[in-house]
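First up is the structure itself, then whatever we jot down about it.
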Amino acid sequence: MRRACAHHPSRKSVEDYGDRPYCQECRHQRTEAARYVDRSTTPRECFVARSPSGHWSALREGGAAHWVAHELSAKAPPATPACLLGCPLRVDDLLRNRREVSAGMRISRGDIWVDLDGSHCGLVDGVRHHPEKGLQITIRHASRERGVVATDDFHTHFMGRGAFYR
Ligand SMILES: [Zn+2]
Ligand SMILES: [Zn+2]
């Protein structure tokens, strides 16, 4: 026995997505909206929202934090902006319950990197000690400019700016 649609109590659901049941129309609107998600966003299918008036649309902001959250399977705190699968869209929400990696600690793969102004973030992909160049850190991030998930050098691409959180 299928549950009723989360938005249309009189209709039977045809799918469960992000733990919520949706009717045929909701599924159609949901997948249509996902076609307009920015190409740098990964994953795309969940990066949509339904307004109180019933209009489904692609989300515009938060793709970088969203990508990191999916990689770490991090869920958004209650009552904060999230994708349909419950991953946070704001850097601040992603960093809740995490602490800055202090100067004495070693940055390691899987740490979250956040740009100085908090507008962009990514994940530490690799850390190595180069005999001449010193510490080399690569960051994987959803690059809006290039429309892909890219791996870039922390010092040359990001000018060594920002902070790391674990
Ligand atoms: Zn519905
Ligand atoms: Zn998502």
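The values are calculated or read from the model by the stated rules, or taken from the named source; none is laboratory data. All of these numbers come straight from a predicted model, not from anything done at the bench. No Cβ is skipped: glycine too gets one built from the backbone with ideal geometry, and neighbour counts run over all protein chains shown.
Of the strands (runs of 3 or more DSSP E) lying entirely inside region 103-166, those carrying at least 3 residues that are more than 23 Å from Asp92 (Cβ to Cβ) are 121-130, 134-143, 148-153. Among the residues that make up region 76-90, is at least one of them over 15 Å from the mean Cα position of the chain (by Cα) and either among the hydrophobic types (A, V, I, L, M, F, W, C) or within 18 Å of Cys121 (Cβ to Cβ) (or both)? Scanning region 76-90 turns up at least one residue that is over 15 Å from the mean Cα position of the chain (by Cα) and either among the hydrophobic types (A, V, I, L, M, F, W, C) or within 18 Å of Cys121 (Cβ to Cβ) (or both). Could you grab me the full set of residues in region 97-121 that are among the charged types (D, E, K, R) and under 10 Å from Tyr165 (Cα atoms)? The answer is Arg98, Arg99, Glu100, Asp111.
Restricting Val124, Val68, Val91 to residues that are of a type outside the set (S, T, N, Q), touching a His at 6+ places or on another chain (Cβ under 9 Å), in contact (Cβ under 8 Å) with a residue 40 or more places away in the chain and surrounded by 14 or more Cβ atoms within 10 Å (Cβ to Cβ) narrows the list to Val68. Scanning region 4-58 for residues that are within 11 Å of ligand 1 (Cβ to nearest atom), of a type in the set (Lys, Arg) and either part of a loop (DSSP other than H, G, I, E, B) or farther than 18 Å from Leu85 by Cβ (or both) returns Arg11, Lys12.
Does Gly118 satisfy being out of contact with any strand residue (DSSP E or B) (no Cβ under 7 Å at 6 or more places or on another chain), modelled with pLDDT under 95 and closer than 14 Å to Ala65 by Cα? Answer is yes for this residue.
Return the residue satisfying two criteria in turn: it lies in region 71-86 and is over 20 Å from Ala150 (Cα atoms) and among the hydrophobic types (A, V, I, L, M, F, W, C), and of such residues it is surrounded by the fewest Cβ atoms within 10 Å (Cβ to Cβ).
The residue in question is Ala79.
Of Ala103, Ala150, all but one fail to be among the hydrophobic types (A, V, I, L, M, F, W, C) and either modelled with pLDDT under 95 or in the same structural domain as Ala65 (by TED's automatic domain parsing) (or both); the exception is Ala103. Mind listing whichever residues of region 40-88 are out of contact with any Phe, Trp or Tyr (no Cβ under 6 Å at 6 or more places or on another chain), closer than 21 Å to Asp117 by Cβ and among the polar types (S, T, N, Q)? Answer for region 40-88, where residues must be out of contact with any Phe, Trp or Tyr (no Cβ under 6 Å at 6 or more places or on another chain), closer than 21 Å to Asp117 by Cβ and among the polar types (S, T, N, Q): Ser40, Thr80.
Table: residues versus (1) touching a Gly at 6+ places or on another chain (Cβ under 9 Å); (2) of a type in the set (Val, Ile, Thr); (3) outside the structural domain of Leu72 (by TED's automatic domain parsing).
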{"site": "Gly110", "(1), (2), (3)": "no, no, yes"}
{"site": "Leu116", "(1), (2), (3)": "yes, no, yes"}
{"site": "Val127", "(1), (2), (3)": "no, yes, yes"}
{"site": "His130", "(1), (2), (3)": "no, no, yes"}
{"site": "Gln136", "(1), (2), (3)": "yes, no, yes"}
{"site": "Arg140", "(1), (2), (3)": "yes, no, yes"}
{"site": "Gly160", "(1), (2), (3)": "no, no, yes"}
